[in-house]
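One structure below.
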Amino acid sequence: MGSQWEQFYLIHSTPPDFEEKKKEIQDFCQHIDPERNIVLVTSGGTTVPLEHNTVRFVDNFSAGTRGSASAEYFLEKGYVVIFIHRLKSLEPFVRHFMGQKFLDILEVQKKEDVTSIMVKNECVNSVLPILTRYKLTKEAGDLLCISFTSLTEYLWLLRAACECLTPFGSRAVLYLAAAVSDFYIPSNEMPIHKMQSEAGPPTIYLKLVPKMLEPLVNIWVPNAYVVSFKLETDDELLIDKAHAALNKYKHKMVIGNVLQTRKQRVVLVMPNTTNEIQLSSEEMEAGLEIESKIVADIAERHNLFMKGASYNS
Ligand code: PAZ
C-alpha cells in the first residue's frame, strides 16, 4: 500500500480530456529554450463533486485575480508561463475586459454599405497597451493556458505539469495560488446518480485531500523554487500556519493572505525571514496591483536562488 497521495492517483483515474491537455503542456515545454525561466501559476478554485453524474458540488472560493494578474507580471519579468486555471475564472489579459466592460469599449460604425466594429476612441489608450502585450506574448509563444474544474482534474494536471518542468531545474518557479479543496468524497464512495430528496437529508462524509506539496517538493520538482499560498479568515492564525507549512514541506516560501484584505496585504514567509507587502490607499486608487510587488520580490529571490544553485553544483 503506497502513500496517501499515491492512493489518490490510484483510485481517481485520469479525467476524460487529461491526455490531450498533458500533451499540450509537453509540446509547449519542448519548444521552450531550457535556458529560460519558467513559472507554473495555478489559479482559481477546485470543485468537489457530490455525485459521479455531477449535478451538485462543493466549490472553493477564488475569482482567479491573484493568479491571472501574477501571470502577466511574470511575463513582464521575462518568464515563460504555464497558467493552470479554473474554467471561467479570470485569465491573463482578457481579465481586463470581462463581462459588459468588453461590449462597452466597442462601437458600431456604418459607412455606406460597410458595417464595422471599432474600439471607442476614448478607450484606445487603455486597450492598446494590454492588447500589444497580449499579441507579443502570443507571437513569442510564452503563455500556455490550461483549464480544470474539479479537484481531481487539478491534481492530475498539477503532476503532469511538474513532470514537464523537471528539465528546467532551478529555473522553474511554482506559484500555487489556486484555492484547492482540503476535503473531498473519494470517487469509490460517491453515488453514481443525482442524490434524491425523497431519501431524506443526505449525510455527506468528506475525507481529507492528501497534501500534494509533499511529493511536489520532494519528488516531482525537487530543484524548483516552490511558492505556496495560505488563505485564512482569522488573521491571528495566518503567520503560524504559514510557518507550519514551510517547516513541514521545506519549500521556499508561503504567501499568507487574509480573505478580506488579500488585495491590499500579504506576508511572504520564508525559512529565515518574512516580508510584508502592502498597498497604500494612494497606490490602490492609482490602480496598482499587489501582484506586481509580489512577483517583483519573487523574481529577485528566484534569481539569487538560481545563482546559489549553479554555484553549489
Ligand atoms: O483568486 P483570488 O484573487 O480571488 O484569491 C486568491 C487566493 C486568496 C485564492 C490566493 O491568494 C490563495 O491564498 N490561494 C491559496 C488558498 C489556500 O488553499 O489556502
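The values are calculated or read from the model by the stated rules, or taken from the named source; none is laboratory data. Note that the coordinates shown come from a computational prediction; the quantities given were computed from them, not determined experimentally. Using ideal geometry, Cβ is built from the backbone for each residue, glycine included, and neighbour counts are taken over all protein chains shown. SASA here: full protein model, heavy atoms, side chains in, ligands and nucleic acids out. Shrake-Rupley method; radii C 1.70, N 1.55, O 1.52, S 1.80 Å.
Computed 3J(HN,Hα) for segment 154-170, one whole-Hz value per residue from the Karplus formula 6.51 cos²θ - 1.76 cosθ + 1.60 where θ = phi - 60°, is 4, 5, 5, 5, 4, 5, 4, 5, 4, 4, 6, 8, 3, x, 7, x, 6, glycine and proline marked x. The distance linking segment 170-193 with segment 112-137 is 38 Å (Cα centroid to Cα centroid, whole angstrom). Where Lys and Arg each count +1 and Asp and Glu each count -1, what net charge lies around residue 290 among other residues with Cβ under 14 Å from its Cβ? That sum, taken over residues with Cβ under 14 Å, equals -3. Surface analysis of the chain yields an accessible area of 55 Å² per residue, using protein heavy atoms and a 1.4 Å probe. A simple rule links phi to the HN-Hα coupling: the Karplus curve 6.51 cos²θ - 1.76 cosθ + 1.60 with θ = phi - 60°, which for segment 9-15 gives 6, 6, 6, 9, 5, 5, x Hz, with x for Gly and Pro. Please count, across segment 214-313, the pairs of lysine residues with Cα atoms under 21 Å apart that sit 8 or more places apart or on different chains. Lysine pairs satisfying the spacing and distance rule in segment 214-313 number 13. Quote the accessible area belonging to residue 159 in square angstrom, nearest 10, computed with a 1.4 Å probe and with ligands, DNA and RNA left uncounted. Using a 1.4 Å probe on the heavy atoms, I get roughly 50 Å².
Which of the lysines could a cross-linker span from residue 88 if the Cα-Cα distance has to be under 18 Å and same-chain partners fewer than 8 positions apart are dropped? Output for residue 88: 21, 101. In the chain, Cα pairs under 8 Å separated by at least six residues give a relative contact order of 21 percent.
Using modelled backbone amide H atoms (1.01 Å from N, in-plane), which distant-in-sequence or interchain residues come within less than 5 Å of residue 179's amide H? The answer is 44, 45, 46. For residue 120, a cut-off of 14 angstrom between C-alpha atoms picks up these aspartates and glutamates, skipping any fewer than 8 places away in its own chain: 104, 107. Mean separation of Cα pairs under 8 Å and 6 or more residues apart, divided by the residue count, gives segment 159-254 a relative contact order of 37 percent.
For the chain, what is the charge dipole size about the Cα centre, in debye to the nearest 20, if Lys and Arg each add +1 at the Cβ and Asp and Glu each add -1 at the Cβ?
Charge dipole of the chain: 400 debye, to the nearest 20.
Left without a cysteine partner by the 4.7 Å Cβ rule in the chain: 123, 145, 162.
For segment 161-264, the Cβ-based charge dipole about the Cα centre amounts to some 400 debye (Lys, Arg positive; Asp, Glu negative; other atoms uncharged). Taking amide H positions as modeled 1.01 Å from N, with prolines and chain starts lacking one, the residues under 5 Å from residue 148 and 5 or more places away or on another chain are 85, 86, 87. When the surface is traced with a 1.4 Å probe over the full set of protein chains, residue 284 keeps roughly 80 Å² accessible.
Only one residue of 245, 268, 292 has its Cα farthest out toward the positive end of the dipole of segment 245-313, where Lys and Arg carry +1 and Asp and Glu -1 on Cβ, and that residue is 245.
Placing unit charges on each Cβ (+1 for Lys and Arg, -1 for Asp and Glu) gives segment 1-134 a dipole about its Cα centre, and among 54, 100, 132 the Cα reaching farthest toward its positive end belongs to 100.
Restricting attention to the chain, close to 40% of DSSP beta bridges with both partner residues there are antiparallel. Which of the chymotrypsin sites (Phe, Trp or Tyr not before Pro) across segment 9-62 are loop residues per DSSP, with 13 or fewer other Cβ within 10 Å? When the chymotrypsin sites (Phe, Trp or Tyr not before Pro) of segment 9-62 are filtered for loop state and at most 13 Cβ neighbours within 10 Å, 61 remain.
Across segment 1-108, the mean sequence separation of Cα contacts (distance under 8 Å, 6 or more residues apart), normalised by length, yields a relative contact order of 24 percent.
Taking a straight Cα-Cα cut-off under 12 Å and skipping sequence neighbours fewer than 8 places away in the same chain, the aspartates and glutamates within cross-link reach of residue 22 are 153, 163. Taking the 1.4 Å solvent-accessible surface of the chain as the whole, the part contributed by carbon and sulfur is 53%. Taking a ≥ b ≥ c as the square roots of the eigenvalues of the Cα gyration tensor, segment 200-312 is classed as oblate, since a/c reaches at least 1.5 and a/b does not exceed b/c.
Under the combined filter of DSSP loop state and at most 13 neighbouring Cβ atoms within 10 Å, segment 16-46 retains these GluC sites (Glu not before Pro): 35.
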